[in-house]
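Worksheet for the structure shown next.
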Amino acid sequence: MSNLEPRRRETAAALPRPAPRAKSQVREYAEALLVALLLALVIRTFVVQAFKIPSGSMLPTLQIGDHILVNKFVYGPRLEIPLTQFSLGRLPGLRRPRPGDVVVFIWPKDRSKDFIKRVVAVEGETIEIRNRQVFVDGQPRDDPHATWATARNGPSEHYGPFTVPPGDVFVMGDNRDQSYDSRFWGPVPISDIKGQALILYWSWDGPDRWVRWERIGRLVY
């Protein structure tokens, strides 16, 4: 009887242990997809977001069919509920919008739509347009990006004076004759600005040339 217990221990030690259960391929793919979706959500919320240019209001700076990346952390990212325009607040940013910045924002007249324009005046500044010349606080403010397509004496050549309220910016399209902007529907709250246009990552014009390779990689300014 004294030799029986050691033999049992030797037999138990010799038996093969069950191998750990490997993850199924479906589970591995699901976990990888979940991580990728979370990473994309974080990048879209806090870093950059892609937008497509649907109209010619920013010609010649941005053309129809341009695809851009927008810097979201420069003004502080809006904490939006996914797939909505509803914001829970805003994180601190590097700076506030300045004249000359090209910004993407929620259109005040229809909050389901995003617009892109150039900041022309900021809070506290008084803007006036006389014969196509922009004046801010009584001083001419030249914009090398602005273009006028029609003959003089059009309705968009005169505006103001108007003082931009606190917390707002006044925006206009570079294509001044073909832009529906703050001259018609008022200033934009800074809280509704999603970010600053950064770079063109894709551009195409289907009917004519398809891919506009020379535009890809251009900085937006």
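Here are some conditions: (1) touching a residue at least 24 places away in the same chain (Cβ under 8 Å); (2) exposed (fewer than 15 other Cβ atoms within 10 Å of the Cβ). Ile106 meets all but one. Which one does it not meet?
Every condition holds for Ile106 apart from (2).
Taking the condition out of contact with any helix residue (DSSP H, G or I) (no Cβ under 8 Å at 6 or more places or on another chain) and either closer than 18 Å to Ser156 by Cβ or surrounded by 20 or more Cβ atoms within 10 Å (Cβ to Cβ) (or both), does Phe170 pass? First the steps, then the outcome.
Working: out of contact with any helix residue (DSSP H, G or I) (no Cβ under 8 Å at 6 or more places or on another chain): no; either closer than 18 Å to Ser156 by Cβ or surrounded by 20 or more Cβ atoms within 10 Å (Cβ to Cβ) (or both): yes.
Taking the combined requirement at face value, the residue does not satisfy it.
Just a yes or no: is a residue in region 179-193 in contact with a Ser or Thr (Cβ under 8 Å, 6 or more places away or on another chain), part of a loop (DSSP other than H, G, I, E, B), surrounded by fewer than 17 Cβ atoms within 10 Å (Cβ to Cβ) and not small (Gly, Ala, Ser)?
Among the residues of region 179-193, at least one is in contact with a Ser or Thr (Cβ under 8 Å, 6 or more places away or on another chain), part of a loop (DSSP other than H, G, I, E, B), surrounded by fewer than 17 Cβ atoms within 10 Å (Cβ to Cβ) and not small (Gly, Ala, Ser), which makes the answer yes.
It is to be established whether one or more residues within region 64-72 are hydrophobic (A, V, I, L, M, F, W, C) and over 15 Å from the mean Cα position of the chain (by Cα). Can you show your working first?
To start, the set of residues in region 64-72 that are hydrophobic (A, V, I, L, M, F, W, C) comprises 64, 68-70.
Imposing the further condition that a residue be over 15 Å from the mean Cα position of the chain (by Cα) reduces the set to 64.
Checking region 64-72: at least one residue is hydrophobic (A, V, I, L, M, F, W, C) and over 15 Å from the mean Cα position of the chain (by Cα).
Among residues belonging to region 166-217 that are among the hydrophobic types (A, V, I, L, M, F, W, C) and modelled with pLDDT under 95, point out the one that is farthest from Val119 (Cα to Cα). Quick ask: steps written out before the conclusion?
First, pick out the residues of region 166-217 that are among the hydrophobic types (A, V, I, L, M, F, W, C): 169-172, 184-185, 188, 190, 193, 197-200, 202, 204, 210-211, 213, 216.
Retained after the next criterion (residues that are modelled with pLDDT under 95): 204, 210-211, 213.
Values: Trp204: 26, Trp210: 31, Val211: 29, Trp213: 28 Å.
Of everything passing the filter in region 166-217, Trp210 is farthest from Val119 (Cα to Cα).
Quick one: would you say Leu88 is surrounded by fewer than 11 Cβ atoms within 10 Å (Cβ to Cβ), of a type outside the set (Ser, Thr, Tyr) and assigned to a strand (DSSP E or B)? Walk me through how you get there before you give the answer.
Details: surrounded by fewer than 11 Cβ atoms within 10 Å (Cβ to Cβ): yes; of a type outside the set (Ser, Thr, Tyr): yes; assigned to a strand (DSSP E or B): yes.
Spelling it out, Leu88 is indeed surrounded by fewer than 11 Cβ atoms within 10 Å (Cβ to Cβ), of a type outside the set (Ser, Thr, Tyr) and assigned to a strand (DSSP E or B).
The values are calculated or read from the model by the stated rules, or taken from the named source; none is laboratory data. Please read all numbers here as calculations on a predicted model, not as lab measurements. FYI the Cβ positions are ideal-geometry reconstructions off the backbone, even for glycines, and counts take in every protein chain you see.
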